[in-house]
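Below you'll find the structure, written out as structure tokens, and then a few comments.
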Amino acid sequence: MLDDVIFWGLALPAVAAGVMVFRFDSMARATYALLTSLLCVGGEVLLLGLDYLGVVIVLMMTIEMAIMAVFMVMYMMNPAGLMPMTMVHNKKGAAAICAAVFAVLVAGILLAPWPSRRGRPPADPTMDLGLSLMGPQMLTMMTLGLALFATIVATVVLATRRGRYDRFGDDLKARTADDAVRGGMGR
Amino acid sequence: MPDAEPLWVTVVLPLALAVAAVTAAGFDAVLSGSAERGPAGSVREAGLRALSPLREALRLLVQQPRRTRAADRLLGRLGVLLVPVAAVLAGAVLPWGFRAVSDPSVGIVWFNAMEALAWAAVWMAGWGPNSALSLIGGYRFLAQGLAYELPHMFAITTAALGAESLRVGDVVAAQDGLWFAVWMPAAFVVYLLSALAMAFWGPFEYPVSRDAAGGASAELAGVDRLVFLGGRWLLLVVTAGFSVPLFLGGGHGPLLPGWAWTLIKTAAVLALLVAGRRALPVLRMERYMEVAWMVLVPLTLLQALFVAVVVLNR
Amino acid sequence: MSLELFLLLAAALFSVGLFGALTQQSIVMLMMGLELMLGGVIVGAAAVWHYITPAAADGQVLVVLAVTVMAVEMAIGFAVVTALFRAREVDMTDMAAELKE
Amino acid sequence: MDLRGVLRRTAMSRPAVLAVTLPGATELRLEAEAEVRRRGWPVAHAPAAADLLLVCGDPAPEDAEWLDGIERSMPEPALRIVAGERGRIAAALDVAREDLRDRTATRRDSSPPEASGDRRHDHHRMDHGQSDHAAQPGHEEHGHHQPADHQAHMDHMDHMGHDMHAMGEVAGLPMAERGDDRDELRLDQLHVPIGPALSDWPTGLILRLTLQGDVVQVVEVDHLPVPLGPRLPFWGEPWLRAARGEEVTRGSAARRRCAAHLDSAGRLLAVVGWDDAAARCRRLRDEVLPGASREGIGGDLRRMARRIGRSRPLRWSIAGLGELPADRARAAGVTGPSLAADGDAYDRLLMWLSEIERGLEELDDTRPLAPDDLTGPRGRLDGPRPPSRALLDVLPELLTGAEFACARIIVASLDPDLDELALAPVPGVAHA
């Protein structure tokens, strides 16, 4: 009973906030609407008994959306939504596609003969996940690790305009970096 | 050993945190009073100075809140409220002695997630009033977050690694003999730094610092200001208090009962932070960022490696 | 509570996200649509784990995967926007498409 | 009286003070700061945090606009008092406190005022509810201003907008334009005037900044009108009086120099965020000025100077900000400690500290000051231009490209004294 209340109490705000993401004029509000939606998703995951993943989703999404808000304000027109405007294209077609996708998904969900539950959840799903990632799913873990590492390198390369030759001179011999702002290491 | 507590504890928790926050703020007021006006002449004078946080709170309650033009009041209010809420939620896994309001199996991650809410909170509070200085303050906290969060995560992961559990109760139990602070000193020091940074207090009050006329709090008045700045003290108490179960052996100690040791250790950590603050200027993030990423991150990684090797050979 | 309810929630989030990803002109807003879709995937994976195969950790691994993809997508997205913005001061998909011509 | 009334009166027994100083009123500022500190009243750093706006100096009619703006952005119960004369600040504060207590105690519980439009009426009431030294002539006009552009705390920030519709106005606020920035991103520019009500800020200075994010792109230096008159600039007074032929002891000149540097150092340390050291500097300043003896204060002063000079975190924090090598300083006409420091903000702070320690020896010197010694705390007072003018002139160059926090530190490390701008070249000496 209580679980049902919690489910609906999280599910409705999740979807409502998801819709509001695209309805708010203010980019700041849109970002935090998305955060609300994803926090509710984290709550649902907690409800399903995945403590670790649920809390990690809350942690990651909070930080991610807080950072995202910076970029939203930086690059988007109308970050505070003081000037109502729409920036959409192809609204009708998209609505039709999405309605169709939703209908197909619903039909599938309701009509599919879902298998019954096999096995019981382990006492500690977190331990289970860790053992799995470090055992049979090692390849997944390594791929994820590499992907994350590649992302770090790629994003820095894409976003910065200054390489080490700009900072330390053509022969890389400059003792202090030629930066706009001096850092804390005294270099 | 750790046990879930009855419901009334959830009511007591915010009150206890508030009392601790007022005490810490009073101690701070005495110290800054002696810097501004010379040492207190009498005990009564010192007592009066220690009461000044309460008087400030009363004054802010009487003051009317105010609005600014074209403000985003929804986000602004939400941000202000979220600061104390995050502090209390994080405090839920804080053990008193050996009992916490709740001791979930992933308590450490929970603590980390709740203090991360401060990222959103400070930014929203700075964004809300539609004012340049407060927005600068809000952005500063994000920069600060990027600087402190990774070393912080590695530091608390190290403690969890030492106990081989994410449950706070297990971490305390694992320190029955030797405190983690003894054989994880780097993680402990980094944790104390990030505790200050999370609470954006003291040397890390860059987001609300004086040079931007109060930064994220520049436009807050009345109750808003009280909730925001009071929530900051709550956060400080919670983050400082969490160093006790993580690194200082929680309630373990000779003679006295567990809750008394927790109290003594928490008070000692808070006193250290409040007194240490007097010796430091505000650390600006354009300088601290480089230190955090080039010194603290490798340092905490090495610390974690060391602990991992010890644990594997145990 | 049942598997179907959770999957319906997942489908709803996915569809809303898809709508956003299809309609929004701005690259940043498009990414927000993607995030919502991945949120749907997370709910679905967690529900399948809970109701069908709790003994195996595969559902959990899928959630980890989705969360990582969210982070990677966001980081790459903003890096690309920054690069585009630096080069051409463009932050809209339509304008980026015009650049190709 | 009911409990609520009692509580309200108690709450307002120590109102938060926002002190705003007008050019030429340095002495009043010092008196006000000392008095507020003696009472232990909290000091507000922004209008939003203040109950009491204390204006030190005589506002000119054109000051009314920005002062009104600040008062409007203070929360209820907001009160403004003007202290124009020495020695009356304590009395004015007493009256203001009583007034605040009465107003809070008798306030009926109403919803907070909606907008500035409603609050205008309140202002009338409060302006007339003042004692005589608080009454302010020429202050009847209460138009519905936009927030004054002099105002330190903008109620608006034009961070929104895009070049497509840059010229528009939204919610009565101008939209931002874009421009190239330091990192070669074309981002929104924000025009922010900072000053004169900012705390720990040179009196009367206004900087019109063009910010992108918090990076200063363009700086225009401006200031409040400095009253020309017979009154000499406070910090340069002993030397100027000696030059006029009056008898001034070397001790009082050394004392003034010490206090001036302590004031500057306190300001810089406050901006850097080292509240403890800043508070100690200011306390010592207020002890040095009225004549604490060398034996009485020397130990404290030396201890403090040593503590600041030895602080590695402080050095780490401000070294490298606002580099002003001696040749560039000389070319700009800078004299005094900023020239002698030959370096960054940290070097200038150390130079102040060493001048303080040097001045300590002469503190009780009763020999007369030589009339041709005209080196004030900020430089040579007999140059073609007052020394602070040169400091103001180097500001744009040093501030461009700095982040907001660094910009504030650089300004505080030069600490121009705008009172000096009223200084006519000293007759007979300047051209000698």
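Since every read-out is calculated from the coordinates, none of them should be taken as a lab result. Being a predicted model, the structure only gives us computed values, none of them experimental. Here the Cβ is made from the backbone with ideal geometry for all residues, glycine too, and neighbour counts use every protein chain on show.
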Fill in the blank from the handout: Computed over chain A: longest principal axis from alpha-carbon atoms vs helix A:2-21 long axis, angle to nearest 10 degrees, is 50 degrees
Exercise for the section: Name all residues of region B:184-204 having a backbone nitrogen under 16 Å from the label point set 7 Å from the Cα of B:N313 along its Cα→Cβ direction, giving them as ranges. Expected result: B:184
Handout entry: At least 18 Å along the helix axis (C-alpha) and Kyte average at least 0.5, DSSP helices within chain C
Key = C:3-23, C:27-51, C:58-88
Fill in the blank from the handout: Rounded to one decimal in nm, the spacing of the 7 Å Cα→Cβ label points at A:I97 and D:E98 is 7.6 nm
Fill in the blank from the handout: Mean other chain Cβ within 10 Å across B:219-230 is 3
Exercise for the section: Using only Cα atoms, find the angle between the long axis of helix B:222-247 and the longest principal axis of chain B, and express it within 0 to 90 degrees, rounded to the nearest 10. Expected result: 10 degrees
Handout entry: Within the protein assembly as shown, helix-based [θ] at 222 nm, where runs of 4 or more DSSP H residues each add -39,500 (n - 2.57), nearest 500
Key = -19500 deg cm²/dmol
Handout entry: trypsin sites (Lys or Arg not before Pro) lying in DSSP loop within region D:199-255, provided at most 14 other Cβ fall within 10 Å
Key = D:R231, D:R244
Problem - Which of C:V80, B:L13, B:L193, positive extreme of dipole for the protein assembly as shown (C-beta unit charges) - result: B:L13
Completion exercise
The size of the Cβ-based charge dipole (Lys, Arg +1; Asp, Glu -1) of region D:234-422 about the Cα centre, to the nearest 20 debye, is 440 debye
Exercise for the section: Compare the peptides B:176-188, B:220-232 by average per-residue count of other Cβ atoms within 10 angstrom and give them in order, highest first. Expected result: B:220-232, B:176-188
Practice task
Using Cα pairs closer than 8 Å and at least 6 residues apart in sequence, work out the relative contact order for chain B, in percent.
Solution key: 25 percent
Practice task
Could you give the size of the charge dipole of region B:8-312 about its Cα centre, using +1 on the Cβ of each K and R and -1 on the Cβ of each D and E, expressed in debye and rounded to the nearest 20?
Solution key: 920 debye
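On full extension of the chain, what length is gained from B:A279 through B:L7, given 0.36 nm per residue of separation minus the C-alpha to C-alpha distance? Could you put the intermediate results ahead of the total?
Numbers: separation 272, 0.36 × 272 = 97.92 nm, distance 4.19 nm.
Contour length minus the Cα-Cα distance gives 93.7 nm.
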Practice task
In whole angstrom, note down how far apart the Cα centers of region B:152-207 and region A:12-45 are.
Solution key: 33 Å
Exercise for the section: Using only Cα atoms, find the angle between the long axis of helix B:73-91 and the longest principal axis of chain B, and express it within 0 to 90 degrees, rounded to the nearest 10. Expected result: 30 degrees
Handout entry: Dipole axis of the protein assembly as shown (+1 Lys, Arg; -1 Asp, Glu on Cβ), positive-most option in B:V22, D:L324, C:A56
Key = B:V22
Completion exercise
Out of A:C40, D:P368, B:A100 - ranked by how far each Cα lies towards the positive end of the dipole of the protein assembly as shown, with unit charges on the beta-carbon of charged residues - the top one is B:A100
Problem - Sites A:V104 and A:L148, calculated FRET efficiency, Cβ-Cβ separation with R0 22 Å, nearest 0.05 - result: 0.10
Fill in the blank from the handout: Computed about the Cα centre, the charge dipole of region C:3-100 from +1 Lys/Arg and -1 Asp/Glu charges at the Cβ has a magnitude in debye, to the nearest 20, of 140 debye
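Can you give the Rg/Rh ratio of chain B, where Rg is from the C-alpha atoms and Rh is the Kirkwood radius?
0.97
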